[in-house]
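See below for the structure under consideration.
The values are calculated or read from the model by the stated rules, or taken from the named source; none is laboratory data. The shown structure was predicted, so the numbers you read here are calculated from the model rather than taken from an experiment. Don't worry about glycine lacking a Cβ; one is built from the backbone with ideal geometry, like all the others, and counts go over all protein chains shown. For accessibility, only protein heavy atoms count, side chains too; no ligands or nucleic acids. Shrake-Rupley method; radii C 1.70, N 1.55, O 1.52, S 1.80 Å.
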Amino acid sequence: KLEATAWSITIESPTSKPSLSVMIADGCEGVPPGSSCLFRADATASDGSQPNVQYNWTTSGGCFIDEAGECVPSVLGQNVNWTAPSGSGETTYTVTVNATADGYESGTDTWPIVVPEFSSTELALAVSLVSASAIILVGRRRRR
């Protein structure tokens with residue numbers, strides 16, 4: 001006597017994709033107008049694997065220096081060079097990195113950068129001029 005055998009296979013899609021946790025590991029707090037700063041980001045996969053990650057950087061102001069030395073609003077790479085605008089007035093800009101990998105939910109991190117009204121060179125020059133003026137005025141008063 002033969003027994004009937006039946007097989008059943010159910011293939012379901014995963015409930016969710018693994019995700020990337022992104023952290024800007026290196027950056028800067030304040031950059032004088034026209035000065036540059038180096039940034040680095042790291043991404044960690046929630047499933048513990050090490051996928052090939054692409055980092056896409058954008059900014060609300062200033063620019064990134066690409067491989068050709070051009071000032072561009074966005075750039076790819078784990079390490080980037082951001083340059084503050086040379087305009088005046090204290091402003092906070094935001095640098096954002098978005099990490100993507102095939103089969104993973106993307107991750108994003110942001111970093112605020114304060115660009116003061118004057119660069120450190122301009123501030124030093126202003127202090128020197130004020131100091132020199134004070135010395136001249138004191139010298140003139142003593143001669144009288």
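If a spin label sat at a point 7 angstrom from the Cα of Glu90 along the line to its beta carbon, the backbone N atoms of segment 29-73 nearer than 18 Å would be those of 29-35. Rolling a 1.4 Å probe over the protein heavy atoms gives segment 28-103 an accessible area of 54 Å² per residue. For the peptides 51-62, 19-30, residues were scored by their other Cβ atoms within 10 Å and the scores averaged per peptide; the highest-first order is 51-62, 19-30. Backbone geometry of segment 28-34 corresponds, through the Karplus equation with coefficients 6.51, -1.76 and 1.60 at θ = phi - 60°, to 3J(HN,Hα) couplings of 9, 8, x, 10, x, x, x Hz, x marking Gly and Pro.
Each Lys and Arg adds +1 at its Cβ and each Asp and Glu adds -1 at its Cβ; summed about the Cα centre, segment 46-110 shows a dipole of about 140 debye.
Placing dummy labels 7 Å off each Cα toward the beta-carbon, the span from Thr44 to Glu117 is 4.2 nm.
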